[in-house]
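The block underneath contains the structure these notes are about, expressed in structure tokens.
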Amino acid sequence: MAKGKTPQAIRGTQDIFGADAEAFAFVAETFERVRKLYRFRRVEMPVFEKTEVFSRAIGETTDVVSKEMYSFEDRGGDSLTLRPEFTAGIARAYLTNGWQQHAPLKVATHGPLFRYERPQKGRYRQFHQLDAEIIGAAEPQADVELLAMADQLLRELGIEGVTLHLNTLGDGDSREAWRAALVEYFSAVKGELSEDSQERLEKNPLRILDSKDRRDRKFVADAPKIDAFLSDEAKAFFEAVTSGLDAAGVKWKRAESLVRGLDYYRHTAFEFIPDEGSAAADALGSQSTILGGGRYDGLMESLGGAPTPAVGWAAGIERLAMLVGDKGETPADVIVVVEEDDEGSHAKASFLLSLLRSEGFTTELIASGSPRKRYDKAVKKSPNVLVSLRSGGDSSNVSGDADRKLLDIIDRIT
């Protein structure tokens, strides 16, 4: 880089400031409040793991592993990868830290993830997600609780025009029978499928069902449906999930083409998707998933653990922040303006700010520029209460809706 030239941000990353940062924080803070209502424990996970954690958990044939991961060799010769998602790392931690003793374990986290893909609206190479998981619970009620939590989160964020799309992938036997039927069906038209779907036919045929390529879509409508292959146990599980959602007041619609390609996924698969014509669809596009997940009862085995039922979901903070609207900074409870640049005025201001903050008032000090400019700057910030300080005589002037507690604090310094 030429000397003196300012470095630029890396493509696919972003510097978040102002209203965008406030919306981002609002999403994270709302998530923290909602996860506490549902008694999910907070966990913090490493930003990088051994590459095999993701290659074994996500699958060698997936685009994430084969094309999108940020992997590197460290000085010890180990292959490490910046996390592209949370679930694999949480599963690894569950096995290596003995968290089985807490099963069923409800955990939640949020933070940055990394994928090398083409940056576009609402999609970045460093992005941020919310994540919630229930590990060690085989009952359909766990799925219901997670979905109710997701639905409440979206409502608390004020996001409307979004519908839960729901499907079942059946149990292991149901899924395998369905997979075989799909291979037979799509093999008959293999030459007319897209190149990606021709490759998926042997490795991951369920993924053909959610292809957006027009060459594939004309065959998807008549493809075999999972319902024809569901065992009685799988049917009962899905009925328990849907009846539980109805009882919880969570609206949903059946989405028979909604799938998860990896073999360890079972039973429930779901996505919250903007309704066509809604404000959310206008902002993101009607096919943009804003929250999604499913039951992954076979994942722990892929990491060398015992069979362990689990279900979870993730949501992009950037996408949610785009939908919550302008969350400008909340006006300060009190803004203190120092009218005179002398030691007495500044000392009083410091003392007053300390008292106010210790009592829980949000405060800001304005002490630069001319007295007139200071006052004008304070007024533009629309504080609930404005306090002007001078060093001697009548040393304070209060304007705004000051309560008795605030007035008592101000009286203590005058």
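The values are calculated or read from the model by the stated rules, or taken from the named source; none is laboratory data. The shown structure was predicted, so the numbers you read here are calculated from the model rather than taken from an experiment. Don't worry about glycine lacking a Cβ; one is built from the backbone with ideal geometry, like all the others, and counts go over all protein chains shown.
Of the candidates Phe351, Phe361, the single residue that is part of a helix (DSSP H, G or I), over 30 Å from Asp143 (Cα atoms) and either among the aromatic types (Phe, Trp, Tyr) or free of Cβ contacts under 8 Å to residues at least 12 places away in the same chain (or both) is Phe351.
Quick check on segment 383-413: of everything there that is surrounded by 12 or more Cβ atoms within 10 Å (Cβ to Cβ) and under 17 Å from Asp341 (Cα atoms), which residue is modelled with the lowest pLDDT? Restricting to residues being surrounded by 12 or more Cβ atoms within 10 Å (Cβ to Cβ) and under 17 Å from Asp341 (Cα atoms), the top hit is Ser395.
The rows are residues; the columns are (1) free of Cβ contacts under 8 Å to residues at least 12 places away in the same chain; (2) touching an Asp or Glu at 6+ places or on another chain (Cβ under 6 Å).
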site: Ala91; (1), (2): no, no
site: Thr96; (1), (2): yes, no
site: Trp99; (1), (2): no, no
site: Pro104; (1), (2): no, no
site: Gln129; (1), (2): no, no
site: Ile135; (1), (2): no, no
site: Asp143; (1), (2): no, no
site: Leu147; (1), (2): no, no
site: Gly161; (1), (2): no, yes
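Does segment 202-209 contain any residue that is basic (Lys, Arg) and modelled with pLDDT under 90? Yes, because at least one residue in segment 202-209 is basic (Lys, Arg) and modelled with pLDDT under 90. Inside segment 24-52, residues that are among the hydrophobic types (A, V, I, L, M, F, W, C) and farther than 17 Å from Pro112 by Cβ make up a count of 4. When we screen Val387, Val379, Val398 for residues that are free of Cβ contacts under 8 Å to residues at least 24 places away in the same chain, touching a helix residue (DSSP H, G or I) at 6+ places or on another chain (Cβ under 7 Å), outside any loop (DSSP other than H, G, I, E, B) and not assigned by TED's automatic domain parsing to the domain that holds Ser55, the only hit is Val398.
To keep it simple, each residue is scored yes or no on (1) over 30 Å from Phe272 (Cβ atoms); (2) at pLDDT 90 or above; (3) crowded, with 17+ Cβ neighbours inside 10 Å.
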position: Asp297; (1), (2), (3): no, yes, yes
position: Leu303; (1), (2), (3): no, yes, yes
position: Ala306; (1), (2), (3): yes, yes, no
position: Ala314; (1), (2), (3): no, yes, yes
position: Ile317; (1), (2), (3): no, yes, yes
position: Thr363; (1), (2), (3): yes, yes, yes
position: Arg372; (1), (2), (3): yes, no, no
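When each of Leu164, Leu130 is tested for being modelled with pLDDT of 95 or more and within 30 Å of Thr13 (Cβ to Cβ), the lone residue that passes is Leu130.
When restricted to residues that are in contact (Cβ under 8 Å) with a residue 40 or more places away in the chain and either over 21 Å from Arg179 (Cβ atoms) or surrounded by fewer than 18 Cβ atoms within 10 Å (Cβ to Cβ) (or both), segment 264-276 contains 4. Scan segment 67-87 for residues that are in contact with an Asp or Glu (Cβ under 7 Å, 6 or more places away or on another chain) and either surrounded by fewer than 12 Cβ atoms within 10 Å (Cβ to Cβ) or under 23 Å from Arg260 (Cβ atoms) (or both) and report the count. Total meeting the criteria: 6.
Here's the yes/no breakdown for (1) aromatic (Phe, Trp, Tyr); (2) over 26 Å from Ala148 (Cα atoms):
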residue: Ala25; (1), (2): no, no
residue: Phe31; (1), (2): yes, no
residue: Gly77; (1), (2): no, yes
residue: Leu80; (1), (2): no, yes
residue: Gly98; (1), (2): no, yes
